[in-house]
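The values are calculated or read from the model by the stated rules, or taken from the named source; none is laboratory data. Note that the structure is a prediction, hence the values are computed from the model and not measured. We place every Cβ from the backbone using ideal geometry, glycine too, and count neighbours over all the protein chains shown.
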Amino acid sequence: MKKMNIKVFPKVFSAQKKQKVYVRFSSKAISSEQVISIKIQPMEIYGIKHTEKYRIDEETRYPYEKMTREKAGLYWVEYTFSEEQKYDVKIECDGVRIYRTQLYAVREDLAFLDAYKGDTHLHTNRSDGEGEPFEVGCAYRSAGYDFIAITDHHKYAPSLEGKSAFEALTDQFTVFKGEEVHNKGMGYFHVINFDGDDSVNKIIETQDEYVEREITRIMDSVSFDADVADRRDCAYRIFIAEQIRKANGVAIMAHPYWTTFGEYHMPEATTRYLLKNNFFDALELIAACDSKGQNGSNLQIALWEELREMGVSIPVVGASDAHTYKGKDTAFNKQYSIVFAKSKDEVKDAIRIGDCVAVLAIDRVNYLVFGQFRAVKYARFLLQEYFPKYQSLTKKHATALMEQNKEKIAVAEQKINEYRKAFFAWSFNN
C-alpha cells in the first residue's frame, strides 16, 4: 500500500446529534475500488456490556462501517455521538487497519465555546522582568497563547502599552489589562488585578486616608475566623479584592504557598478564610512557587481539594508568574490556563464562573490539568489533539507580528481560522 497522509475531521462534535465525520487521504493514495471502513468506539459511556473474560475483543464489539466516497481521496460517514466523551477511531482499507485517532463530543453548554490558552500573571522589563511588553507578548503568541495579562509589580501602565500595541495589529491575540497589587514599598501583598478598568496600586499609593478608612471599616464589619491571627493583614487583602471588583476586574489570589523570607506568602488560616468566604474570584492554583524544591503548587492543590470537599467552590487558574520567557528555569509555557468562552470579551466572566482549567505541563506530551472534571477531560483532549498544530500556526503569526508585516499577519490569521473551522464541527458546518 502506498504511503499516505490521513486526516480525520472535524475532531470535536456536539453530543447527541448525527453529524458527518470526514476522512481525507493524500492524492492518489486510495483508488475508487478500495473499500474504506471506520469504527467509532465510545471510550467512557457505552451500550455494550463487558464480558467476563479479562481480554475483550475490541474488534468484534463495535463493527466497522463502510464510508461513502464523496470524491477522490475524501470519504465520510454519519455518526451520532451519544454522550459527552472521547471516542476511539480506527480506519481500515480493504480490511487492513491503516489509521487510529480520537474524537470528542461535548454537550450543548460547551459546544460553540472557544478554548483560549492564556496566562493571567507575568512580568516585563517595566518592573523586574525581561523584555518589553510587545516582545513578551509575541513570545507568548509564538507558544500558542491566545491571551495574556501583563501584571507588572505596582504598575498598570505596561498592560495598557501591550494592549495598545497588539490591538493595532491583530484581534487574534489579546493583552488584557492588569497589575500585581502590593502595599507600598513592593509590599507584603501579592494580588492579581486581571483586566480591571483602573489601577488599584494607584489607590494604595495616593489615597492613604481612604485606604485606612476602608481597612478600618472591614475590620469592624467582618466576622473573622478565630484562628485568623493578623486581622489587619486579612482586612487589607479583602480591601484589595474589593477594589479590583469595583474596577470590574477579576481578583485572583496569587501563589499563597510561595516561600519568601523563610515563610509562606500567606498564613494558612487567612488563605482558608478568604477562599471559604469568596472574597476572591479565583485562586492561582498552579503558580510559580515550585522552584528550588518549594512545591507550593502541590500545597495549593491539596488545600483547594480539601475546601472542595467542604463545599467551597472556587475557580482556579494556572499562571507562570514568568519574569522571562528565556531559559530552562522559567515557568513560561509550563503553567497556564485554558478558558472556555464564546469570545475573548467573555474570558473574565468565564473565569469567574469556573469555565477555566489550570495546566501544569510536565513535558511536551504529559500534563496535569485541574478544574471541573468535565472541563479537565475536554482540555486534555485539546492539549493532545488541538494545541500542538495550533501552536505551529501561532508561531508564524508571532513572527509576522514581530515584523509588523500586515500582509504576513493576514496570511497567518487565515490559516489559523481555517484550522479552527476544520477542527470544531459547529464551525465546519457553518
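Within the group TYR188, TYR145, which residue is aromatic (Phe, Trp, Tyr), in a loop (DSSP other than H, G, I, E, B) and closer than 30 Å to LYS406 by Cβ?
TYR145
For segment 51-58, the condition holds for at least one residue, the condition being that it is surrounded by 11 or more Cβ atoms within 10 Å (Cβ to Cβ), acidic (Asp, Glu) and modelled with pLDDT under 90. From the list VAL222, VAL200, the one residue that fits, being more than 27 Å from the chain's Cα centre (by Cα) and surrounded by 12 or more Cβ atoms within 10 Å (Cβ to Cβ), is VAL222. Kindly indicate whether SER32 is over 27 Å from the mean Cα position of the chain (by Cα) and surrounded by fewer than 18 Cβ atoms within 10 Å (Cβ to Cβ). Yes; evaluated as a whole, the condition is true for this residue. When segment 112-132 is filtered for residues that are in contact with a helix residue (DSSP H, G or I) (Cβ under 9 Å, 6 or more places away or on another chain), at pLDDT 95 or above and within 25 Å of PHE340 (Cα to Cα), the ones remaining, listed by number, are LEU113, ASP114, ALA115, TYR116, LYS117, GLY118, ASP119, THR120, LEU122, HIS123.
Among the numbered conditions (1) touching a strand residue (DSSP E or B) at 6+ places or on another chain (Cβ under 7 Å); (2) surrounded by fewer than 18 Cβ atoms within 10 Å (Cβ to Cβ), the only one that ASP227 does not meet is (1). For segment 116-137, give me the residue count where each residue is crowded, with 23+ Cβ neighbours inside 10 Å and outside any loop (DSSP other than H, G, I, E, B). Summing the residues that are crowded, with 23+ Cβ neighbours inside 10 Å and outside any loop (DSSP other than H, G, I, E, B) in segment 116-137 gives 7.
Evaluate the following for ARG97: is it among the basic types (Lys, Arg), closer than 28 Å to PRO10 by Cβ and outside the structural domain of ARG380 (by TED's automatic domain parsing)? For ARG97, the condition - among the basic types (Lys, Arg), closer than 28 Å to PRO10 by Cβ and outside the structural domain of ARG380 (by TED's automatic domain parsing) - is met.
ILE38 satisfies every condition listed in (1) outside any loop (DSSP other than H, G, I, E, B); (2) in contact with a strand residue (DSSP E or B) (Cβ under 8 Å, 6 or more places away or on another chain); (3) at pLDDT below 95 except (3).
Evaluation of ASP195 against the conditions (1) touching a residue at least 60 places away in the same chain (Cβ under 8 Å); (2) over 30 Å from GLU346 (Cβ atoms) shows that the sole unmet condition is (2).
Of the residues VAL222, VAL228, VAL191, the single one that is within 20 Å of LYS276 (Cα to Cα), at pLDDT 95 or above, touching a Pro at 6+ places or on another chain (Cβ under 8 Å) and of a type in the set (A, V, I, L, M) is VAL228.
Looking only at residues of segment 317-331 that are among the aliphatic types (A, V, I, L, M) and assigned to a loop (DSSP other than H, G, I, E, B), we find that the one that is surrounded by the most Cβ atoms within 10 Å (Cβ to Cβ) is ALA319. Every listed requirement among (1) touching a helix residue (DSSP H, G or I) at 6+ places or on another chain (Cβ under 7 Å); (2) closer than 22 Å to THR271 by Cα; (3) in contact (Cβ under 8 Å) with a residue 24 or more places away in the chain is met by MET219 save one, (3).
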